[in-house]
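The values are calculated or read from the model by the stated rules, or taken from the named source; none is laboratory data. Small disclaimer: the values here were computed from a predicted structure and weren't measured. Cβ placement follows ideal geometry from the backbone for every residue including glycine, while neighbour counts extend to all protein chains displayed.
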Amino acid sequence: MNGTTAYTPPTVWSWNKESGGRFANINRPIAGATHEKDLPVGKHPLQLYSLATPNGVKVTVMLEELLALGHTGAEYDAWLIRISEGDQFGSGFVAVNPNSKIPALMDRSGTTPIRVFESGAILQYLAEKFGAFLPTEPAARAECLSWLFWQMGSAPYLGGGFGHFYAYAPTKIEYAIDRFAMEVKRQLDVLDRRLAESRYLAGNDYTIADIAVWPWYGALAKGQLYESGEFLQVSEYKNVLRWNDEIAQRPAAQRGRMVNRAWGQPESQLHERHDAGDFDTRTQDKLGAAG
């Protein structure tokens, strides 16, 4: 196959060379901090340390949706974590998330700060804290959480699997791209079939299931992930596209997608968010200073 040579794994694997690819400089087989660096703390009860990747967008959309409902306790500071520069390996960040992945949340609203990491856990924590976007009726709750955890289990095949080998790997490996492209299209078909029978993933109501899935699969269906739209023929998933477009019209989703974004058009970026007014007062000079 293209880009492959015969390879026999050694009896014992050792880390004796870079893995290659776009993120080779931050990949390593051990956990823990690489340097001492405290995290900043703002004025709000919730402190978010993140980046506007799909996993990060889930949480900022959730927080903006909670604020739109009038939950003033969901006010938050969002601090930019530049993963390509290794910010996630600072001692302060590792203390919040020992897995060194964004997003990570500190809830300082009580007497003892609470850390929450993994995006799905953060969504469920916030939904239960504020009593929103998670049904309480048992069957509806089970449906919502099933789709939430479907996303948590499926997205690694999309990102670390298809995305890595299609967009980031140092060589194109036909087997790997074909294998993960097939799986991603199967996942899109799972969603499309569900959304043919339901307005949202858990039923008629918008929930944390939609908030979790939308940044990944909505963007994918619009051809916005890995420039793979034509390759995956995403336009055939009409129900996913309908669902994506409906969510994309929500003002809170539009705001959430901007927070901790440090690439793209300047008007689409808000490097840090400390107040609702930041959406209205951001300028090119402010973005340049933050960068």
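Based on what the data block shows, is Asp275 out of contact with any His (no Cβ under 8 Å at 6 or more places or on another chain), among the acidic types (Asp, Glu), at negative phi and outside any helix (DSSP H, G or I)?
Spelling it out, Asp275 is indeed out of contact with any His (no Cβ under 8 Å at 6 or more places or on another chain), among the acidic types (Asp, Glu), at negative phi and outside any helix (DSSP H, G or I).
Out of region 148-185, which residues are of a type in the set (Ser, Thr, Tyr), in a helix (DSSP H, G or I) and more than 28 Å from Ser198 (Cα to Cα)? Correct list: Tyr166, Tyr168, Tyr175.
Determine whether region 254-261 contains at least one residue that is within 17 Å of the chain's Cα centre (by Cα) and either small (Gly, Ala, Ser) or at pLDDT below 95 (or both).
yes
Among the residues of region 55-77, those identified as in contact with a Pro (Cβ under 9 Å, 6 or more places away or on another chain) and either surrounded by 22 or more Cβ atoms within 10 Å (Cβ to Cβ) or part of a strand (DSSP E or B) (or both) are Asn55, Gly56, Val57, Lys58, Val59, Thr60, Val61, Glu64, Ala74, Tyr76, Asp77. Taken over region 194-227, the residue count meeting the criterion of being within 20 Å of His164 (Cβ to Cβ) and of a type in the set (Ser, Thr, Tyr) is 2. If you check Ile81, Ile26, Ile102 for being surrounded by fewer than 18 Cβ atoms within 10 Å (Cβ to Cβ) and within 21 Å of Glu118 (Cβ to Cβ), only one passes: Ile26. Contact map, region 222-250: residues that are small (Gly, Ala, Ser) paired with residues that are assigned to a loop (DSSP other than H, G, I, E, B) and surrounded by 15 or more Cβ atoms within 10 Å (Cβ to Cβ), Cβ distance under 7 Å, separation 6+ or inter-chain. Pairs shown: Gly229/Gly223. Might you let me know whether region 263-281 holds any residue that is surrounded by 19 or more Cβ atoms within 10 Å (Cβ to Cβ), over 20 Å from the mean Cα position of the chain (by Cα) and touching a residue at least 12 places away in the same chain (Cβ under 8 Å)? Looking for residues that are surrounded by 19 or more Cβ atoms within 10 Å (Cβ to Cβ), over 20 Å from the mean Cα position of the chain (by Cα) and touching a residue at least 12 places away in the same chain (Cβ under 8 Å), one finds none in region 263-281, hence no.
Reported count of residues in region 200-256, each being of a type in the set (Asp, Glu), over 21 Å from Glu267 (Cα atoms) and assigned to a helix (DSSP H, G or I), is 4. Restricting attention to region 19-46, which residues are within 26 Å of Ala219 (Cβ to Cβ) and outside any loop (DSSP other than H, G, I, E, B)? Once the filter is applied, which keeps residues that are within 26 Å of Ala219 (Cβ to Cβ) and outside any loop (DSSP other than H, G, I, E, B), region 19-46 yields Ala24, Asn25, Ile26, Leu46.
Ala95 meets all of the listed conditions (1) in contact with a helix residue (DSSP H, G or I) (Cβ under 7 Å, 6 or more places away or on another chain); (2) over 30 Å from Gln254 (Cα atoms); (3) among the small types (Gly, Ala, Ser) but one, namely (1). Only residues that are assigned to a helix (DSSP H, G or I) and touching a helix residue (DSSP H, G or I) at 6+ places or on another chain (Cβ under 7 Å) were counted across region 119-147, and they come to 10. Before we move on, is Glu272 of a type in the set (D, E, K, R), under 24 Å from Pro156 (Cβ atoms) and either modelled with pLDDT of 95 or more or out of contact with any helix residue (DSSP H, G or I) (no Cβ under 8 Å at 6 or more places or on another chain) (or both)? Criteria not met by Glu272.
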